[in-house]
Every structure is written in C-alpha cells, then in structure tokens.
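Participant: Got a structure for you, written out below as structure tokens; questions coming shortly.
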Amino acid sequence: MAGMRSKPRYLIPDTTIFGPPANSMSRTALANSNAEGEWWKKTTVYHVYVRSFYDSNGDGIGDIQGIIEKLDYLHDLGYETIWVSPFTQSPQKDFGYDISDYLSISPEYGDMPLFEKLVEEVHRRSMKLVFDLVVNHTSSEHSWFTESASSRDNPKADWYVWKDGKGKKGLKRPNNWRAMAGNKAWTYHPQRKQFYYTAFLPFQPDLNYHNPEVKQAMFEVIRFWLNKGVDGFRLDIISAIYEDSELRSNPPSPRLTPSDKSLSIFFQNLKNNFLHEKSFEFATELRRVVDEFDNPKRVLIGESHGDEALIRRFCQNDGQYGLHAVFLFKAISTPFKAEKYREMLMTFEKHFPEPLIPTLVFANHDRNRVISRLGGSIEKAKLLALFQFTCRGIPFTYFGDEIGIPRVRIPLKDGKDAIAIQHKWVPQFLVDRSSEILNRDECRTPMLWNERPRAGFCESSAEPWLPVADSFREINVEKQISEPHSLLNFYRKIIRLRNKAPSLHAGSLEILHDLCDRKILAYRRIFNEEKHIVLLNMSHQQVKTPLNKPVLLSTHPQSPVHQLQPFEGRIINESH
C-alpha cells in the first residue's frame, strides 16, 4: 500500500519467572492442542477498534495493514484471539456499524486480498480472528434497503420492518417505540409513504427476520466469511433481532436512562422491540450454521443488555445451544468493591455454569475507558486485570486499556460520533459530570504507541481522525515496555500465567466466602490437582493477609508476605 512504512516489532522483554516466553513452542503446542476443542472458553481476547489502532498509509485512519503490522505486539503480550470492529463497506455514519455491503471491504481499511492476508497472519501465529457482524440492521444505503424502499411490491419490499402511519395523512408514528440510542424508533419514508423501524439510529433500518428470505440471506453472509477463515463473530445488538409481530406500544418505565440490567430509556420499557422470544430461537439457528464449520470450531458471541437469567437464553434455550457466550455488561457497572464483585461472581456462576461460560468485559468502543472509571489509579487497573484474567470466563481487553489510555474529553459540538451529533442539545456541563460517556469519540481516540508526534499512530504529517490523548508522552507502549512494573508489563505477566496454568484458563471457580469480607475478595481456581488461590484487597487500607503462603504473582511485588497493600492482588499456588 502506498506510503506504508515498516516499524520495529515491539517485543516486551521477558522479566517474569513463569516459564518460557509467550511465543515459545510450549504455548504454540498448547494452542494447537486446544484448536479442535472449545478454544473460546480458554482464550484471551483483544478488541481492536480498527479505525484507531494503527494507520499504515498516512491518511489518519487505522487500517487492516496496521493490524497486521502490530500482530507481534499482541502475540507477545499473550493474547490468543483478536476481535476486530467492522471493516466491511459502509458510509461510516456509525463508523462501520452501518453496513452497505456485507461482502466487501471499505477502501479506507483495505481490500479483500489484504483481509485474507490478515487471516493468514493471525493463524500463522496460532491465534484466532473474530470480527463484528451487524446482523440486526443495515445502512440505509444498502442495496437491499434501496430496493425495499422503492415500492410496496418489489421483491425486497418485506425485507425491512415497514408500517403505515397513523392519522388522516398517515404521518403519525405507528407506535411509541424508542430506539436504544434514545431517539424515536420510526422514520418516515416519502417514497413508500410508510415508516421504517430502527432499533438504533435512523440511518440503520432493521431487517425483518420474520421474513425467511432475510434469514437465509444472512446465513449466506455468515458462510461467506467463515469460508474466508474467520474464527467467529461478535454479534452486534443481537437483542434487537425480532420485534413484537403486532407492533404493540411499549409500557412506561420509571427510568430515564438505560442500565446494564434494564432495557428502558426516556421512561419507556423497550419490552416489545427488544429481547423477543424469537431472538433466542434465532440464536440456535445461527449455531447450526456455524457448526457446519468445525476445523476448527467457530464461535458466536452476542451483545445484549438485560438480566443475566434472561440473556443466558441466547446461549441455552429450551435444551438447545445457541451462542457460545454473551456479553455481561454487569462487569462494567458493578462498583469496584469486594462485596459487589463477590455478588457479581456469584451471579455469573449461577447463570453461566459449565458447559456455559461467562464473559469478563470491562470496557468497549461504546463505554468509558477503564482507567478513567477507576479514577486514574494504576494500582486499581492492575488489580482489575488480575481479577479479569484469573476468573472463570472469557476476558476481553479493549485496545489501549493495557497501557491505561484515558478518556479524552471531546465536546459534543465537536463530536463525529452519531450519538454525540444526535444529543448535541444536551448541556456540556451535564455531559462532563457523567461517569459514562455520551460522545463515544472519547473512548475511541488513537492508540498511543510512542512519544513521537501523533503518538506513533500515524505519520506526523497526517491528521488523525480523532485527537490523540495529551498524555501520550507519559502513557505509551514504547515507554511502558522498558518499565518492569508498568501496567503493560503486568498485563503480560498475568496473561502469560493464565495461558500456562490450566486452573486459570480451564478450571472451576470456588468463592472462598470464609476469607471474604468488605475489603477482601478471595476465590480458588481448580483443574485436576492444580489449585490457585486469588486474593484481592479492594480497599485503600492495608490488611493482614488471611493466608501466609508464598506468592506466585502480586500486583505489588515488594509487598510483605503477611500484609496486603491497598489495592493489592495476589495469586498463591496451592498445588504443592
């Protein structure tokens, strides 16, 4: 590609005592031995927001070649799976989540041969590649929608959710539904003289899965990419696949804003346009499609808010298996306290026991940065990483959280994010006071690779698509590589230990309630004869350790054995 420049491989020095380097034969052999099995239960996932990861050609936008050039960085950290945000053809109004062609690549990211090279390079490193698939809706610029909107009797007339309006002229919305983004869910189309439904934003019309032709078309899209070698999909907004067939209005709700447990917004419970019974049935149909590909097996991970007892039905419903896992956003909203984290573990273990598996998701491209939610505390960030990579579940790291990239304040009026544009009327002082973000640009700013101009994300002469964090000279990959006790090096230590220890990536979990209190969370991981105990002091006070045993790994390496420092976490080997 024109303007492409070579960069040195970022190989983090081996400063730990936990065995051979992460890219050694033992790790490769382990990956190969698990390749035919349920590899997703044991894996670690790194979420690449491709537009902000690395710009290889000097246009200020991250691209597929940029991912390829940084694969060694991810491999050397120990990550085994890469989840990539959408790179298929799109007008980019929602930066890829508005797809205009499922089977081609957006030119700002690359082309199909380059994508095929990405698949090859990922697999050459014994890693897996998962990417976002938006099955719920398309862009309003997709040819399917253009045809559907052209008349009421064309071959695709029923491929989207259309409904006559109310009132004398049919210009009043069919019902009171709100979309997940807060806007009203119906948009009038003058050519058809009807409204179309959108579960998210007005330029993202929902596909009509009550129509079997739509379902079969999407199954063919899935087969296309699986034949390309993709190892699975993260399914965007899977909770919205089906709507109430009678399009009945939603009941009121006391909530103004949604929560990770409740799908309510602007005082409306979205019960009739989200989490429909047929959505769970659809998950089992998707599973049958991906199970056609079993060398290696492929994975489906769904995005859905809602109560854990309900959304687990995406994974197991009426005795049938569906998705392999579903995001559990409770992890993001749970207060950073020992008792609350214990309750969260109990919930996950209750609703996602074997053969199901929980997910451990603390950030993504829609939510506030981890380090900002933790008040900028590196100690808390290390403790959270220790928790995330030692629990039973699939850990997901959002790009840059391994070095502590903070939330970058970008006023709504300057936002490129469609959500920010839609809500630019909200007073900025209210936005700034919120613990979560309304302008998603603030968590999507470029990766900080080094202290050179533009933080090494792009050429210094290029203008990055979003501003680089001002702290890039203090917070960047190159700097943290050389600091033995940096957040980045701690991520590497804990990921490598997890990869090596079967009890941490494949074992059962037992909460040690007798050791837990308001300050300490303790649990045991068990696989055959291998046992590890994890102790987390989630308080700002020193506490006496409940176990005076040799420490395998600590977030505070110089801490006395008998005392846990504030926000210190430890792993103790019980096997011997």
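Participant: Report the one residue of Met538, Leu201, Gln480 whose Cα lies farthest in the direction of the positive end of the charge dipole of the chain (charges on C-beta: Lys and Arg +1, Asp and Glu -1; origin at the Cα centre).
Facilitator: So the residue furthest toward the plus end is Met538.
Participant: State the Cα centre-to-centre distance between region 180-244 and region 323-365 in whole Å.
Facilitator: 27
Participant: Tell me, Kirkwood radius of the chain from alpha-carbon pair distances, in Å?
Facilitator: Values: mean 1/r = 0.0406 Å⁻¹.
Hydrodynamic radius (Kirkwood, Cα only) of the chain equals 24.6 Å.
Participant: Kindly work out what percent of the DSSP beta bridges joining two residues of the chain are antiparallel, to the nearest 5. Spell out each step's value before the answer.
Facilitator: On the way: 40 of 64 bridges.
The antiparallel proportion sits near 60 percent.
Participant: Still on this structure, I have one more. With θ set to phi - 60° and the Karplus curve 6.51 cos²θ - 1.76 cosθ + 1.60, what are the ³J(HN,Hα) couplings of region 44-53 in order, to the nearest whole Hz, using x for Gly and Pro?
Facilitator: 10, 10, 10, 8, 8, 8, 4, 5, 10, 7
Participant: Is the shape of region 179-250 best called rounded, prolate or oblate, per the rule: a/c under 1.5 gives rounded, else a/b larger than b/c gives prolate, else oblate, with a ≥ b ≥ c the square roots of the Cα gyration tensor eigenvalues? Please list the in-between numbers first.
Facilitator: Working: a/c = 2.15, a/b = 1.85, b/c = 1.16.
Cα axes put region 179-250 in the prolate bin.
Participant: Shifting gears a bit: Before rounding to the nearest 500, sum -39500 (n - 2.57) across all DSSP H runs of length at least 4 in the chain and divide by the residue total; then give [θ] at 222 nm in deg cm²/dmol.
Facilitator: Working: 18 runs with 149 residues, N = 576.
-7000 deg cm²/dmol, from helical runs alone.
Participant: Under 1.5 on a/c is rounded, so check that first for region 352-494, then, if it is not, pick prolate when a/b is larger than b/c and oblate when it is not; a ≥ b ≥ c are the square roots of the alpha carbon gyration tensor eigenvalues.
Facilitator: It is oblate, given that a/c is not under 1.5 and a/b is not larger than b/c.
Participant: Dividing the Cα convex hull volume of region 507-573 by residue count, how many Å³ per residue is that?
Facilitator: Numbers: hull volume 5.2 nm³, N = 67.
In region 507-573, the Cα convex hull volume per residue is 78 Å³.
Participant: Before I look further, what does region 410-547 give for accessible area per residue, probe 1.4 Å, in whole square angstrom? The partial results should precede the final answer.
Facilitator: Working: 6050 Å² over 138 residues.
Heavy-atom SASA per residue in region 410-547 reads 44 Å².
Participant: Once amide H atoms are built 1.01 Å from N in the peptide plane, which residues 5 or more positions from His556, or in another chain, come under 5 Å H to H?
Facilitator: Amide H neighbours of His556, under 5 Å, 5+ apart: Gly569.
Participant: On the accessible surface of the chain, probed at 1.4 Å, how many percent belong to carbon and sulfur atoms?
Facilitator: On the way: 11330 of 21970 Å².
For the chain, the apolar C and S fraction of the accessible surface comes to 52 percent.
Participant: Give the long-range amide H neighbours of Lys531: residues separated by 5 or more places, or on another chain, with amide H under 5 Å away, using H modelled in the peptide plane at 1.01 Å from N.
Facilitator: Those qualifying (amide H under 5 Å, at least 5 residues apart or on another chain) are Glu574, Ser575.
Participant: Based on the mean of other Cβ atoms within 10 Å per residue, sort peptides 147-160, 397-410 so the most packed one is first. Write down the numbers at each step before the final one.
Facilitator: On the way: 147-160: 16.6, 397-410: 23.1.
Those peptides, ordered most packed to least, come out 397-410, 147-160.
Participant: Which values of log₁₀ I(q)/I(0), to two decimal places, follow from the Debye formula for region 247-346 at q = 0.12 Å⁻¹ with a uniform point scatterer at every Cα?
Facilitator: -0.50
Participant: Tell me, what is a quarter of the convex hull surface for the C-alpha atoms of region 379-447, in nm² with one decimal? Intermediate values should be presented prior to the final figure.
Facilitator: Numbers: hull surface 22.9 nm².
Seen from a random direction, the Cα hull of region 379-447 projects 5.7 nm² on average.
Participant: Please state the shape class of region 437-531: rounded when a/c is under 1.5, otherwise prolate if a/b exceeds b/c and oblate if not, all from the C-alpha gyration tensor. Could you put the intermediate results ahead of the total?
Facilitator: Values: a/c = 2.98, a/b = 2.24, b/c = 1.33.
Prolate shape, in that a/c is at least 1.5 and a/b is the bigger ratio.
Participant: If you take every DSSP beta bridge whose two residues both sit in region 127-242, what share of them, in percent to the nearest 5, is antiparallel? It would help to have the intermediate numbers written out before the result.
Facilitator: On the way: 10 of 14 bridges.
Of those bridges, close to 70 percent are antiparallel.
The values are calculated or read from the model by the stated rules, or taken from the named source; none is laboratory data. This is a predicted model, so every value here is computed, not measured. We place every Cβ from the backbone using ideal geometry, glycine too, and count neighbours over all the protein chains shown. Accessible surface is based on the protein model in full, side chains and every heavy atom, while ligands, DNA and RNA are left aside. Shrake-Rupley method; radii C 1.70, N 1.55, O 1.52, S 1.80 Å.
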